[in-house]
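The values are calculated or read from the model by the stated rules, or taken from the named source; none is laboratory data. Model, not experiment: these values are computed from the prediction. Cβ coordinates were reconstructed from backbone atoms using ideal geometry, including for glycine residues, and neighbour counts include every protein chain displayed. Accessible surface areas use protein heavy atoms only, side chains included; no ligands, DNA or RNA. Shrake-Rupley method; radii C 1.70, N 1.55, O 1.52, S 1.80 Å.
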Amino acid sequence: MRTLYVVTHPEATHHVEGVVGGWHDAQLTPAGIRAALSIAQALRARIPDGAGVEVFSSDLQRTSRTAEEVAELFGVKPILDRRLREKSYGEAEGKPQEWLERRFVPPPAVGERMDHDEGVEGAETKAAWAQRVYAAMDEILQSPCAHQILVTHGGSLTFVVASWIKMPIKSAGYASFRAPSGSITTLHEDDFFHNRHVVSLGDTLHLDPAHAD
């Protein structure tokens, strides 16, 4: 039995500043830090005392800070992996969102979507982005640990889930699993059929003060 809890980092400075995130190394805002504590507490409540836990995270500040808050409650250290980063937007990173929107070339409705050139110098293709997330997931899932926590980004969540359900990369061009910032997505594999379930996608109940512990 394995359960994977996938966290999308909470509010960061690029959100409130209206600039492109990607590999731009934004930090959590004060609200984001409070949300990270709520995420940590929610995960602590879901995982049995004494259970082995591993915490993996993108190495950017907004995710690693979130992972640190989570890992502290479990008495472990987060394992940072740059492959869990958000998509790189090349020269657009850190620039106003509208700067990117003026230059962005969306993928075609039919045709090549994974290697599509979005018109921004230095930006990753969707194929390169997916390949690194899939590679990270392959390594993470080699561990026998039954409770694993991944802290990543809203965009990269799609490829975490697609990898989990063993969707071939070449088929992921239309995939989109959307979740709010600060959410927890729960994935579970059973011991009998070894089916991989998407138990919940983008849960944010822990961020509601009315449901706080």
TODO: Quick one: which residues, 5 or more positions from His197 or on another chain, have an amide H under 5 Å from its amide H? H modelled 1.01 Å from N in the peptide plane, none for Pro or chain starts.
DONE: His188, Glu189, Asp190
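Need one number: the % of Cα-Cα pairs in the range 72-155 sitting beyond the 20 Å mark.
Values: 1668 of 3486 pairs.
Tail of P(r) above 20 Å: 48 percent of Cα pairs.
For the range 98-145, what is the accessible area per residue in Å², given a 1.4 Å probe and the full set of protein chains?
Details: 2730 Å² over 48 residues.
Each residue of the range 98-145 exposes 57 Å² on average to a 1.4 Å probe.
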Task: Built amide H within the under 5 Å cut-off of Val151, gap 5+ - done: Val7, Phe56, Ser57, Ser58
- [ ] Consider a paramagnetic label point 7 Å from the Cα of Phe193 along Cα→Cβ; state which residues of the range 147-181 have an amide N under 18 Å from it.
- [x] 164-167
TODO: Over the range 92-157, with every protein chain in place, what whole percent of the accessible area is carbon and sulfur at 1.4 Å, could you tell me?
DONE: 53
Open item on the list: Within the range 14-39, name every residue whose backbone N is under 20 Å away from a label modeled 7 Å from Cα of Glu68 along the Cβ vector.
Closed with: 14-15, 23-39
Open item on the list: What is the ratio of the Cα radius of gyration of the range 161-213 to 2.2 N^0.38 Å, with N the residue count, to two decimals?
Closed with: 1.41
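What does the charge dipole of the range 31-89 about its Cα centre add up to, to the nearest 20 debye, if the Cβ of each Lys and Arg holds +1 and the Cβ of each Asp and Glu holds -1?
On the way: 10 positive and 8 negative charges, 51 e Å.
Using only the charged Cβ atoms, the result is roughly 240 debye.
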TODO: Note down the relative contact order for the chain as a percent, whole number, built from C-alpha pairs under 8 angstrom at least six residues apart.
DONE: 30
TODO: Give the relative contact order (percent, whole number) for the range 120-213; include only Cα pairs under 8 Å separated by 6+ residues.
DONE: 21
Task: Table column - 3J(HN,Hα) (Hz), the range 11-20, Karplus curve with 6.51, -1.76, 1.60, x for Gly and Pro - done: 3, 10, 4, 5, 5, 7, 7, x, 10, 6
Open item on the list: Under 18 Å between alpha carbons, and skipping anything fewer than 8 positions from Lys166 in its own chain: which aspartates and glutamates qualify?
Closed with: Asp138, Glu139, Glu189, Asp190, Asp191
Task: Residues listed by number, the range 47-63, amide nitrogen under 13 Å from Arg178 label point at 7 Å toward C-beta - done: none
Task: Heavy-atom accessible area ranking, 1.4 Å probe, most first, across Ile47, Ile79 - done: Ile79, Ile47
Task: Cut-off under 5 Å, modelled amide H: who pairs with Arg85 long-range - done: Asp59
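Leaving out ligands, DNA and RNA, and with a 1.4 Å probe, what % of the accessible surface on the range 159-213 is carbon or sulfur? List each step's numbers first, then the result.
Working: 1860 of 3220 Å².
Using a 1.4 Å probe with all protein chains present, the range 159-213 comes out at 58 percent carbon and sulfur.
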Task: Vicinal HN-Hα couplings computed from phi for the range 179-186 (Karplus, 6.51 cos²θ - 1.76 cosθ + 1.60; Hz; Gly/Pro x) - done: 8, x, 4, x, 8, 10, 9, 10
Task: For the range 1-150, size of Cβ-based charge dipole, Lys and Arg +1, Asp and Glu -1, in debye - done: 400
Task: Å² per residue, accessible surface of the range 1-73 at 1.4 Å - done: 40
Open item on the list: For the range 115-204, place one equal point scatterer on every Cα, skip the solvent, and apply the Debye formula. What is log10 of I(q)/I(0) at q = 0.19 Å⁻¹?
Closed with: -0.95
- [ ] Report P(r) for the range 20-61: all Cα-Cα distances, bin width 10 Å, range 0 to the bin holding the largest distance, values in whole percent.
- [x] 22, 42, 28, 8, 0
Task: log10 of Debye I(q)/I(0), alpha-carbon scatterers only, for the chain at 0.08, 0.09 Å⁻¹ - done: -0.27, -0.34
TODO: Specify the inter-centroid distance of the range 150-213 and the range 40-117, based on alpha-carbon positions, in whole Å.
DONE: 12
